[in-house]
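Undergrad: Please see the structure below; I have some questions.
A short reminder: the numbers here are calculations on the coordinates, not readings from a lab. Keep in mind that what you see is a predicted model, and the values were worked out from it rather than measured. Cβ: placed from backbone, ideal geometry, glycine included. Neighbour counts: every protein chain shown.
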Amino acid sequence: MNDVQLDSVTRNGLAEAWGLGPRARFTPLGNGLINRTLLVIDDGRRRVLQCLNIHVFRDPALVMRNCHAVTAHLGRERAAGRYAYSVLELVPTLAGEPAAVLANDTWWRMYDHVPDTRTHDTADTPSLTFEAARGFGAFAAALAELDSTDVGEVIPHFHDPVRRFDAFRVALAADRAGRAAQAGRECKAALAFADVLSHWEALLAAGLPWRITHNDCKLNNLLFDASDHATCVIDLDTVMPGSLLFDFGDMGRTMLSPVPEDSTDLERIGVRREHFAALARGYIEGCGDLLTPLERENLVFAVRLITGVIGLRFLTDYLDGDRYFRCAHSLHNLERARNQFALYAALTAQADALQALVPNSA
């Protein structure tokens with residue numbers, strides 16, 4: 001992979017913050033849509049550098065406090081034998097800070113590199129889906145005893161379907177980028193999402209538990225070993241109060257379809273039932289006794305909910321002129337939205353059959 005040539009302010013700032021040598025090499029790592037991630041190799045040591053997107057995370061200091069609280073808690077759980085997975089290790093700056101703020105006002109943090117691991121963008125086998133779900137479930141269970149006051153809300157109303165639907169309608173009315181006409185079919189599909197909002201509000205009224213959750217449980221936010229056993233949950237920036245339905249829903253939307261979220265091959269988008277069965281079994285096993293009957297009974301709804309929410313977010317960003325998600329081309333967000341709405345339709349059509357695959361489902 002080609003080295004990244006950093007500007008002098010960034011390179012010098014990183015070198016000063018972490019004592020990097022003049023021969024340190026930087027290469028791209030991963031394909032995240034928000035933060036910039038680099039692998040740095042310095043004197044034989046491999047570590048991960050991330051530049052926080054402070055336009056998305058308006059309070060980067062809170063993000064770093066959350067990351068420190070979560071990784072420290074998981075480390076204690078692992079040391080006590082209650083958490084069997086690896087934990088991301090934050091590398092403090094030479095000054096002992098969890099992040100470095102450079103002269104160009106960019107925020108950077110460093111993690112130890114977890115060796116001999118890889119990520120996946122799509123789940124090719126039900127066993128991989130099971131492993132991922134069990135890993136994220138164990139992560140949620142391990143955080144159950146973390147004091148909720150130790151973790152703040154880094155992006156208010158992040159998955160809130162009502163807020164996301166309202167934001168879409170505002171973007172559609174404003175049409176600031178002049179793209180609404182080109183997205184007519186997708187906007188019609190998005191407006192139909194209003195049908196799920198009443199059920200979501202009924203769940204909240206019924207006492208749906210609010211916990212500390214990951215809130216971005218995509219398949220590629222897990223590291224796997226060479227045998228495809230899940231080893232480490234990564235990308236902790238959105239860990240904050242939320243619902244386990246958010247986490248299960250994001251897993252489902254990234255693992256049930258055989259193609260990734262930006263695939264334009266709409267005919268291949270669908271729900272692989274064997275993967276849903278593996279997803280439900282793995283998550284329930286990983287969570288242990290954490291899930292309530294209300295949560296278990298709404299796992300299929302969770303996937304529909306988050307698939308629709310993410311579709312709304314992609315479409316809203318497209319209408320706004322691509323200000324949030326990183327895009328490879330001008331239609332990228334529209335293609336992502338189209339993909340998610342196709343998956344949402346498939347999930348809706350198979351909802352009852354899928355819920356019957358949930359262990360101990362009523």
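Undergrad: Checking residue 109 against (1) of a type in the set (Lys, Arg); (2) assigned to a helix (DSSP H, G or I); (3) touching a residue at least 12 places away in the same chain (Cβ under 8 Å), which single condition isn't satisfied?
TA: Result: residue 109 passes all but (2).
Undergrad: Still on this structure, please answer the following. Those residues that are within 19 Å of the chain's Cα centre (by Cα) and small (Gly, Ala, Ser), I need them from region 51-98; list them, please.
TA: 69, 86
Undergrad: Pairs needed: first member in region 67-88, more than 20 Å from residue 133 (Cα to Cα); second member anywhere, small (Gly, Ala, Ser); C-beta distance under 8 Å; at least 6 residues apart or different chains.
TA: 73/142
Undergrad: Considering only region 1-92, give the strands (runs of 3 or more DSSP E) lying wholly within it that have at least 2 residues that are in contact with a Pro (Cβ under 8 Å, 6 or more places away or on another chain).
TA: The qualifying strands (runs of 3 or more DSSP E) are 36-42.
Undergrad: Kindly establish whether residue 338 is of a type outside the set (A, V, I, L, M, F, W, C), more than 15 Å from residue 249 (Cα to Cα) and outside any loop (DSSP other than H, G, I, E, B).
TA: Here the answer is yes, as residue 338 does meet what is asked.
Undergrad: All but one of (1) touching a His at 6+ places or on another chain (Cβ under 7 Å); (2) over 30 Å from residue 333 (Cα atoms); (3) in contact (Cβ under 8 Å) with a residue 40 or more places away in the chain hold for residue 93, so report the exception by its number.
TA: Among (1) touching a His at 6+ places or on another chain (Cβ under 7 Å); (2) over 30 Å from residue 333 (Cα atoms); (3) in contact (Cβ under 8 Å) with a residue 40 or more places away in the chain, residue 93 violates only (1).
Undergrad: In addition: In region 276-301, which residues are hydrophobic (A, V, I, L, M, F, W, C), closer than 24 Å to residue 142 by Cβ and assigned to a helix (DSSP H, G or I)?
TA: Of everything in region 276-301, those that are hydrophobic (A, V, I, L, M, F, W, C), closer than 24 Å to residue 142 by Cβ and assigned to a helix (DSSP H, G or I) turn out to be 278, 279, 280, 284, 287, 294, 299.
Undergrad: Now, a different point. Of all helices (runs of 4 or more DSSP H) completely enclosed by region 177-275, which ones contain at least 2 residues that are loosely packed, with under 13 Cβ neighbours inside 10 Å and without any contact (Cβ under 8 Å) to a residue 12 or more places away in the chain?
TA: 184-191, 194-205
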